[in-house]
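Trainee: Quick one: structure below, then a few questions.
The values are calculated or read from the model by the stated rules, or taken from the named source; none is laboratory data. Worth saying up front: this structure is predicted, and the values here are computed from it rather than measured. Every residue, glycine among them, receives a Cβ derived from its backbone with ideal geometry; neighbour counts consider all protein chains shown. Side chains are part of the model used for accessible areas, which takes the heavy atoms of the whole protein and leaves out ligands, DNA and RNA. Shrake-Rupley method; radii C 1.70, N 1.55, O 1.52, S 1.80 Å.
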Amino acid sequence: ITFTATPYYKASVKVLIERNYNPELYGSFYAPYDPEFLNTQFNIIKSRSVIDRVVRKLKLNTVYRQYFFKESKGFSVTSWIKKIVKSILPSGKGMEGNKNSLLAAQAEPPSDVDIIAGMIQSRLSASPVRNTKIVTISYLDENPVLASLIVNTIAKAYMDEMLDIKMNASRYSTKWMTIKAQEEKKKLEASEKALQAYTRKYDIVTVEDRLAVIPQKLQEFSSQLSKAQAKRKELEEVYRQIQQAGNDTAALESIPIFTVNKTLQSLRDQILKAEQHIVELSKNYGPKHPLMIKAVEDKEVLIKEKQREIQRIVQSTKMNYKLAKSTEKNLKDLLEQTKQELINLKGRMIQYDILKREADTNRALYDALIKRIKQQSASEQ
């Protein structure tokens, strides 16, 4: 029995399989637990895409075709085809529609590549080496040289397949980031144009300078208004006393503004001296004497001059009071205008800051995408 049996040779290759994870995401010393990782790799190793790579690379359907398509004990192409067809056809009554469609799909016989790939998959196995990250890939064949050649090519094809998977993910990521970068570029251009138009429309450079000056102006106007209000109140009280006194000269002269007036003081002194001179003259002369008439006339002139001075002070006080009221009103208006101007300028600067932040955010995102695209491209290369 031993001499009549067909010998099969098992060729094996050991592959180190490690997970790739992003240290920026998980940290330098943390690897996420993934119990399905190795089973996933085993399925990829046995996948049709990996086997197809082997068939194409080694030209198994042409150069090595005779090693697969020959009648041998325990295996024939005809029985293998029948077995494959039988395994995929449904059974049972009520499945006639599905059976007809599957039969129609299987109308064309499998190609040499399909048959060879199926044979390789049936003879291929993968198992982990205990307590390591090493995986043993094994392949059985009647020809030991072919077995060794195929199993080594499977290992290389598996590595190429994993690289393609990563490259496809990288290409998809690059494609998505490129599209996103184009969108962000349009947003950036729009936000920068809006910022520039707003800056030009409201002359933001001048606005910044004015914002630095206006607080000082507000402080100055506020100080001037306080002084103007104090002066207006003072003149208002004097003007009220003048109105209350009316034409009473004695009452008017008792008001402080009149008592401290130097011109009135001088006139009062002169009138007093004139009265004293008349009294002295009356001792020697009668009222019709020329000297007496002259002295009385001089006194009358001084009294009239005093009356004119009093009226001048009254009119001056009245005008000063009106001027103080007007000054106070003007300062209030000016202060209110300055406050409103400050509010408007701050509003413009707030809107400017909003537009600037939007442009800066768009620029940062766009720059990050471009940088990431370049890094991704370098990684692909």
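Trainee: Looking at (1) over 16 Å from Phe69 (Cα atoms); (2) in contact (Cβ under 8 Å) with a residue 40 or more places away in the chain, can you tell me which one Met119 breaks?
Mentor: Result: Met119 passes all but (1).
Trainee: Let me ask something else. I'd like to know if region 363-375 contains one or more residues that are among the acidic types (Asp, Glu) and in contact (Cβ under 8 Å) with a residue 12 or more places away in the chain.
Mentor: no
Trainee: Find all pairs meeting these conditions: Cβ atoms under 8 angstrom apart; at least six residues apart or on different chains; first residue within region 267-295 and more than 23 Å from Glu309 (Cβ to Cβ); second residue assigned to a helix (DSSP H, G or I) and among the hydroxyl-bearing types (Ser, Thr, Tyr).
Mentor: Note: pairs meeting the criteria are Met292/Ser282.
Trainee: May I ask you to list the residues in region 235-266 that are touching a residue at least 12 places away in the same chain (Cβ under 8 Å) and either farther than 14 Å from Val314 by Cα or hydroxyl-bearing (Ser, Thr, Tyr) (or both)?
Mentor: Selection gives Tyr239, Thr249, Thr263.
Trainee: Looking at Ala359, Ala368, can you tell me which residue is touching a Ser or Thr at 6+ places or on another chain (Cβ under 6 Å) and within 30 Å of Arg171 (Cα to Cα)?
Mentor: Ala359
Trainee: When you go through (1) surrounded by 13 or more Cβ atoms within 10 Å (Cβ to Cβ); (2) at pLDDT 90 or above one by one for Lys346, which number turns out not to apply?
Mentor: The one condition Lys346 does not meet is (2).
Trainee: Also, quick follow-up: Here is a check on your reading of the model: is Ala324 aliphatic (A, V, I, L, M), touching a helix residue (DSSP H, G or I) at 6+ places or on another chain (Cβ under 6 Å) and assigned to a helix (DSSP H, G or I)? If you could, list the steps in order and put the result at the bottom.
Mentor: Working: aliphatic (A, V, I, L, M): yes; touching a helix residue (DSSP H, G or I) at 6+ places or on another chain (Cβ under 6 Å): yes; assigned to a helix (DSSP H, G or I): yes.
The answer is yes for Ala324.
Trainee: So, in region 169-182, of the ones that are without any contact (Cβ under 8 Å) to a residue 12 or more places away in the chain and open to solvent by 90 Å² or more (accessible area, probe 1.4 Å), which residue ends up farthest from Gln381 (Cα to Cα)?
Mentor: My answer is Gln182.
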